[in-house]
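One structure below.
The values are calculated or read from the model by the stated rules, or taken from the named source; none is laboratory data. The shown structure was predicted, so the numbers you read here are calculated from the model rather than taken from an experiment. Please note: Cβ atoms are built from the backbone with ideal geometry, for glycine as well, and neighbour counts cover all protein chains shown. Heads up: the accessible areas ignore ligands, DNA and RNA and are worked out on the full protein's heavy atoms, side chains in. Shrake-Rupley method; radii C 1.70, N 1.55, O 1.52, S 1.80 Å.
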Amino acid sequence: MSSLNTKTGHSMDWTKYHRLADIYGYLNYLASTYPSRVELINIGTSYEKRPLYVVRIFNRSSSVVKPAVWIDGGIHAREWISPALATYIIRQLVEVPANEALLCNVDWFIMPVMNPDGYEYSHAFNRLWRKTRSVTSWTSCRGVDPNRNFGYKWGGLGTSTNPCSDVYKGTRAFSEPETFATSNFIKGKASSIKLYLTLHSYGQAALIPWGYNVVYPSDYSDMLELAKSAVSKFTKYRYRVGNAAAIYYPAAGGSDDWAKSIGIKYSYTFELSDTGAYGFLLPASNILPVCQDFFPALDVFAAKVATMKV
C-alpha cells in the first residue's frame, strides 16, 4: 500500500521503513497539496539542526477552536514502527476521504519523529541507538534519553546520571532541544489538547500514568475505561492495559507523565508490536498490519475528545 501523487511523484511505501528525508518530504508534499487541511509547523531544531515538524490536521473551513489530539512518534530512535504508524495516521486523516468524519469535531497535532538525530543515526550507524545525539560530559558517550528528560518527577526511578547509560536523564529537565521545543509547543496548546498519545515499541501495551512509580491518578478509572475501549478495536494484536510502572517498571521523566501533569486528562503511552520475538527489529512486513490494526482505535479517542470543552 502506498500513497502516490502522479503529479509530483511523491509516495510513501508502507512495506518499508523510511529515512527522515522521505518522511519530511511527504509532510511537505501534504502541506502543499492539501492547504485547507494540513499545516506543517516547524517548532524548532534538533541538536544537529534538523527541523522538528508537527503536522496540524484540521478543517480550515471552521473557525471554531476544537478540542485536539496530540500524537508523537520516534522519541526513541530504534523504535522504527513508531514513526511509521504516526506517518500512516497522517496519511489516513489527510488523504483518505472515508476518514473525514475524524476531522469534524477534533483537530490533530502529529509529530512523527521527535528525535530526528537519533532516528537518522539508527539508520546510518547503529540500528539499536535509543537516545538523542547531544554531546555529554563524557565525549565517548553521546545523547540523552528523551523519555527521561521531561520535567515531571525528573531524575527519579528508572533514570541514570551516567551519560553512557541508555536511560541517561540529562543534566536537567528539558536539557535537550527536542524535548524543550516539543514541551513548549504542547504547553502553548494545552487548553485545547485533551488527549496525549505517544507511540513506542515494543510489548503491545497501553500504559497509563503515573510511570514514575506505581501511583495512580485520581481519574485512573476514566483513563482505564477509555484505553480499554480503544484497545477493544484491535483485532490482530492483543494489548495489555494498565499502569505504566506496574506493567513495565518505574521510569521518571516520561513525556506521558509530564503531559498528564500539565492538565491533559487522557495521556497514554502505546507500546506497539511485537512482544519480543523481533523486539526493536520488527520486520518491515509488519508495518501495515500494525498500522491497520491500530487506526480504528482513533475513532474511540476522537469520539471522547469531541465531547470535551476547550
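Counting other Cβ atoms within 10 Å, keep those with at most 15, restrict to DSSP loop, and tell me which trypsin sites (Lys or Arg not before Pro) in region 105-148 are left. Numbers along the way, then the final one.
Values: sites: Arg127, Arg130, Lys131, Arg133, Arg142, Arg148; in loops: Arg127, Arg130, Lys131, Arg133, Arg142.
In loop regions of region 105-148 (DSSP not H, G, I, E or B), the sparsely surrounded trypsin sites (Lys or Arg not before Pro) are Arg127.
Counting only chymotrypsin sites (Phe, Trp or Tyr not before Pro) that sit in a DSSP loop (anything but H, G, I, E, B) with at most 14 other Cβ atoms within 10 Å, what is the longest stretch of the chain containing none of them? Don't skip to the end; give the middle numbers.
Numbers: sites that count: Phe125, Trp138, Tyr278.
The longest uninterrupted stretch comes out as 139-277.
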Inset, instruction - Search the structure for amide H atoms under 5 Å from the amide H of Val144, placed 1.01 Å from N in the peptide plane, and list their residues when 5 or more places away or on another chain. - result: Thr132, Arg133, Ser134
Legend entry - Coordinate range along principal axes, alpha carbons of region 120-264, Å, largest first: 46, 34, 26
Legend entry - Amide H partners (placed H, <5 Å) of Asp72, local residues excluded: Met111, Leu197, Thr198, Leu199
Inset, instruction - Within region 227-256, find all residues whose amide N lies under 20 Å from a label point positioned 7 Å from the Cα of Thr307 along Cα-to-beta-carbon. - result: 227-234
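Which trypsin sites (Lys or Arg not before Pro) in region 263-310 sit in a loop by DSSP (not H, G, I, E or B) and have at most 10 other Cβ atoms within 10 Å of their own Cβ?
Values: sites: Lys265, Lys304, Lys309; in loops: Lys265, Lys309.
Here the trypsin sites (Lys or Arg not before Pro) that fit, given the DSSP loop and packing criteria, are Lys309.
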Legend entry - Hz values of 3J(HN,Hα) by residue in region 161-173 - Karplus curve (6.51, -1.76, 1.60), Gly and Pro given as x: 8, 8, x, 7, 6, 5, 10, 4, 7, x, 7, 6, 4
Inset, instruction - Using the Karplus curve 6.51 cos²θ - 1.76 cosθ + 1.60 with θ = phi - 60°, work out ³J(HN,Hα) for each residue of region 269-282 in order, rounded to whole Hz, and write x for Gly and Pro. - result: 10, 9, 8, 7, 4, 10, 9, x, 4, 10, x, 5, 9, 4
Legend entry - Partners for Lys169 among aspartates and glutamates (Cα-Cα distance below 13 Å; same-chain residues under 8 apart left out): Asp145
Legend entry - Sulfur and carbon atoms: percent of accessible area, region 174-218 [1.4 Å]: 51 percent
Legend entry - Nearest-10 value in Å² for the accessible area of Asp22, using the 1.4 Å probe: 70 Å²
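Which entries of Lys187/Lys260; Lys131/Lys236; Lys187/Lys265; Lys16/Lys49; Lys153/Lys265 show an alpha-carbon separation above 22 angstrom in the structure shown? Intermediate values should be presented prior to the final figure.
On the way: Lys187/Lys260 11 Å; Lys131/Lys236 30 Å; Lys187/Lys265 14 Å; Lys16/Lys49 26 Å; Lys153/Lys265 18 Å.
The pairs that break the limit, which is 22 Å between Cα atoms, are Lys131/Lys236; Lys16/Lys49.
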Inset, instruction - Starting from the amide H of Asp13, placed 1.01 Å from N in the peptide plane, find each other amide H under 5 Å away whose residue is 5 or more places distant or on another chain. - result: none
Inset, instruction - Quick one: check the C-alpha center-to-center distance for region 183-229 versus region 15-51, whole angstrom. - result: 25 Å
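I'd like the Kirkwood hydrodynamic radius of region 86-186, using the inverse of the mean 1/r over distinct C-alpha pairs, in Å. Walk me through the numbers before you get to the answer.
Working: mean 1/r = 0.0651 Å⁻¹.
The Cα-based Kirkwood calculation yields 15.4 Å.
Ignoring ligands, DNA and RNA, what percent of the 1.4 Å accessible area of region 81-161 is carbon and sulfur?
On the way: 1410 of 2700 Å².
Percent of accessible area from carbon and sulfur atoms in region 81-161: 52.
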Legend entry - Probe 1.4 Å, accessible area per residue of the chain, Å²: 39 Å²
Legend entry - Identified option (computed Cα Rg over 2.2 N^0.38 Å; candidates (i) 0.93; (ii) 0.98; (iii) 1.09): (i)
Legend entry - By accessible area with a 1.4 Å probe, ligands and nucleic acids excluded, highest first: order of Ile71, Ile41: Ile41, Ile71
Inset, instruction - With θ set to phi - 60°, apply the Karplus curve 6.51 cos²θ - 1.76 cosθ + 1.60 along region 199-212 and write out the HN-Hα couplings as whole Hz, x wherever there is a Gly or Pro. - result: 9, 9, 8, 9, x, 6, 8, 9, 9, 10, x, 8, x, 5
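Rank these residues by their accessible area, most exposed first, probe 1.4 Å: Cys104, Cys291. Intermediate results must be reported in sequence, preceding the final value.
Details: Cys104 75, Cys291 0 Å².
In descending accessible area the options line up as Cys104, Cys291.
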Inset, instruction - Scan the chain and note any complete DSSP helix (H) whose C-alpha atoms cover at least 27 Å along its axis and whose Kyte-Doolittle average is 1.0 or more. - result: none
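Can you check what the net charge comes to around Asn105, using other residues whose Cβ is under 13 Å from the Cβ of Asn105 (Lys, Arg +1; Asp, Glu -1)?
Working: positive: Lys66, Lys194, Lys304, Lys309; negative: Glu100, Asp107, Asp299.
Local net charge: +1.
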